[in-house]
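The structure appears below as structure tokens.
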Amino acid sequence: MHEQRCKLQVAIDWYEVRMTEKVISIWIGRTKQSLMILQGKLSHAASHYEWQLKWKVFERWQRLHIILRIEKETEMRRQRWRMKIWELLPDYKPIEEDI
């Protein structure tokens with residue numbers, strides 16, 4: 001009887017060890033699968049970010065000539081005002097920050 005209980009306990013232990021190995025193996029597989037999915041998503045997000053960044057730079061580059069023209073017109077307008085002020089007040093010295 002004692003020998004039979006020992007064999008039964010060994011069988012139960014053996015079964016539990018095998019089940020634990022199987023569960024751990026499945027868990028490792030799922031973890032690897034999840035990491036691969038995450039890596040794919042991160043790669044896709046990085047490529048999307050880079051594409052968006054390139055697109056924004058390209059758009060701004062296309063609008064650069066308009067912005068430069070507006071800045072040039074603004075500076076010309078400021079210079080005309082300076083000239084008018086200098087005509088009215090010949091000894092006027094502008095503040096360095098305004099120039």
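Look at where the Cα atoms of the range 50-84 and of the range 11-25 average out, and the two centres are 71 Å apart. Between the entries (i) 2, 13, 20, 18, 13, 10, 8, 6, 4, 2, 1, 1, 0; (ii) 2, 9, 7, 8, 6, 6, 6, 5, 6, 5, 5, 4, 4, 4, 3, 3, 3, 3, 3, 2, 2, 2, 1, 1, 0; (iii) 3, 11, 18, 21, 16, 12, 8, 5, 3, 2, 1, the label attached to P(r) over Cα pairs in 5 Å bins from 0, in percent calculated for this structure is (ii). Counting only Cβ charges, +1 for Lys and Arg and -1 for Asp and Glu, the dipole size of the chain around its Cα centre is about 420 debye. The 3J(HN,Hα) values that the Karplus relation (6.51, -1.76, 1.60; θ = phi - 60°) gives for the range 12-28 are, in residue order, 5, 4, 4, 4, 5, 5, 5, 5, 4, 4, 5, 5, 5, 4, 5, 4, 5 Hz. Gly and Pro appear as x.
No value in this document is a laboratory result; all are computed from the given coordinates. All values derive from a computational prediction rather than experimental measurement. FYI the Cβ positions are ideal-geometry reconstructions off the backbone, even for glycines, and counts take in every protein chain you see.
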